[in-house]
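Bear in mind that the values in this text are calculations on the coordinates, not laboratory data. Just so you know, these numbers come straight off a predicted model, no measurement behind them. Virtual Cβ from ideal backbone geometry, glycine too; neighbours counted across all protein chains shown.
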């Protein structure tokens, strides 16, 4: 793929927006499928269910997830604003199977009912960020309890996620990269504090007024030579460390360039960015 092709691909505003929306939808579907699969595994592995009951519950869970996906997609097309309590309830619905059929105790601290309604884009991003974070915690295998809290200060959605795992989680971990990239794309903040043996806390701030997409040509075409190199390797499927090794730079420098590319192109993840270029 040449630099000219990359620049040409990013220069059509109509095509860019369609590709971004398509890639964003695929990313969210992928998140939901991941939660559903984790739930199905929890059901099938449960020692509290016999084979017949597990099979029946797994079928019911899969069918319910499919219906919910269809309903959610319809709602997302039509919804501009979501009441904060309603948005949080949808997150609870997404994650309940992990608590019901697995060994994870998920505690939900609901936001105030009087909180400002969330723009649909922020609500969808917030749910995706929490899902990604919980999957990262589940993947570690040590946590048995997770507390999820939402709050609003009028200008921001404030998200707190705390677990009782090993306390080794870091904001630089690759397992949190999807969530971190989502946060960066909305001009938010993500921080992680961990205490060995006591667990980790993820604190996230998302502005309720998301940044507008960049002008079609003003920022996107102003990629530095290094950003074009990173973009070329990222689109080819290279991971951060592979890009760093290939270009002779540090992993943190790669993350810096990827964050700039997400901001300039208006995308929310590496997958969206790669899909946009393709």
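A few comments on the model shown:
- Descending by average beta-carbon neighbour count within 10 Å, the peptides 87-93, 268-274 line up as 268-274, 87-93, the highest first.
- Relative to the current alpha-carbon distance between residue 175 and residue 92, full extension at 0.36 nm per residue lengthens the span by 27.7 nm.
- The length gained by stretching the chain between residue 113 and residue 85 to full extension, at 0.36 nm per residue less their Cα-Cα distance, is 9.5 nm.
- Length gained when the stretch residue 250-residue 224 is fully extended (0.36 nm per residue, less Cα-Cα span): 7.6 nm
- Sorted ascending by nearby beta carbons within 10 Å, beginning with the fewest, 150, 198 become 198, 150.
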